[in-house]
């Protein structure tokens with residue numbers, strides 16, 4: 001069994017190494033004077049007072065000259081709106097919108113993004129979240145990659161700040177799952193909807209293509225609207241590019257362990273297509289290949305059996321490869337068995353909440 005495990009994990013390592021080669025980074029800006037379209041940066045905010053200062057500072061640092069920034073306060077009950085007004089005062093690039101009441105049948109963020117695009121004038125739309133921080137030249141780089149790849153949608157996974165224990169265990173696994181399981185060459189070159197990954201913290205659309213697929217209104221009930229929009233784009237014939245944005249985009253998704261739990265509970269089962277079979281298969285897969293090596297490590301060290309240590313070393317190397325690509329702290333790689341165990345637990349918790357017909361909750365709203 002140990003030899004089978006070692007052989008399999010070595011092949012997984014090689015596959016991940018090759019698979020990552022299909023993920024383009026944001027290139028050095030190469031925008032000529034004949035291609036400087038207006039870009040609309042669109043940010044929905046609901047109870048984001050803690051993020052306003054960092055967000056506005058980040059947006060003010062953007063160097064692209066043809067820019068409008070629309071910020072929508074989506075019924076916040078904290079100081080989000082007043083802070084937005086204070087921090088953007090005197091900068092004509094910013095426009096603050098007041099969100100309408102959430103209609104029946106819409107997910108909250110989707111409705112907020114829909115309202116933002118109604119007011120946007122750009123030839124390109126960049127949807128980001130309030131906890132995202134952008135480096136100054138990211139718009140120029142994104143436009144360069146979009147033109148190079150002839151893409152209608154550019155998306156990607158940022159580097160993540162991981163302040164709490166659950167953040168450290170679970171959030172970097174988002175990169176791991178994508179870079180290991182998604183056939184990236186196929187995803188970026190082909191138009192198969194199933195071979196698609198997207199992240200709502202950074203969705204850079206060509207406006208015309210976005211409107212042709214119906215925009216956010218076409219996925220109004222979705223709580224994983226990013227993936228569904230990307231699939232819609234592929235179905236319409238538009239190219240979706242998954243890029244490595246981690247050097248230019250960072251995100252602090254959650255502050256507390258409770259937020260990590262609720263956020264993953266809300267998204268993970270829906271992201272798996274609400275497939276019970278998929279959760280079962282992934283639970284067995286990760287339990288055997290990524291949790292078991294941690295147990296074998298303890299046994300191997302205790303019994304002085306070096307062979308039993310090799311599976312752990314291989315999963316750490318595979319995870320370290322991903323964390324290096326994702327601009328994450330490499331020390332987190334050594335906790336891979338615990339990360340895999342946490343992933344299995346939260347997948348099943350999310351599934352069981354759905355089976356028991358209990359709603360998912362986020363920021364004071366509930367979703368079925």
Please go through segment 2-37 and pick out each residue that is under 26 Å from residue 136 (Cβ atoms) and without any contact (Cβ under 8 Å) to a residue 40 or more places away in the chain.
-> 32, 33, 34, 36
Only listed residue being more than 30 Å from residue 203 (Cβ to Cβ), outside the structural domain of residue 168 (by TED's automatic domain parsing) and more than 15 Å from the chain's Cα centre (by Cα), chosen from 281, 321, 330, 338 | 338
Residue 61: passes all of (1) at pLDDT 95 or above; (2) crowded, with 20+ Cβ neighbours inside 10 Å; (3) over 30 Å from residue 296 (Cβ atoms) but (2)
Checking residue 189 against (1) closer than 25 Å to residue 323 by Cβ; (2) surrounded by fewer than 18 Cβ atoms within 10 Å (Cβ to Cβ), which test does it fail?
-> (1)
Only one of (1) surrounded by 20 or more Cβ atoms within 10 Å (Cβ to Cβ); (2) in contact with a strand residue (DSSP E or B) (Cβ under 7 Å, 6 or more places away or on another chain) does not apply to residue 9, and that is (2)
Return a yes/no flag: does segment 270-277 have any residue that is free of Cβ contacts under 8 Å to residues at least 24 places away in the same chain and within 30 Å of residue 163 (Cβ to Cβ).
-> no
When you scan segment 220-229, how many residues do you find that are in a helix (DSSP H, G or I) and modelled with pLDDT under 95?
-> 4
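The values are calculated or read from the model by the stated rules, or taken from the named source; none is laboratory data. Here the structure is a predicted model, which means the values were calculated and not measured. No Cβ is skipped: glycine too gets one built from the backbone with ideal geometry, and neighbour counts run over all protein chains shown.
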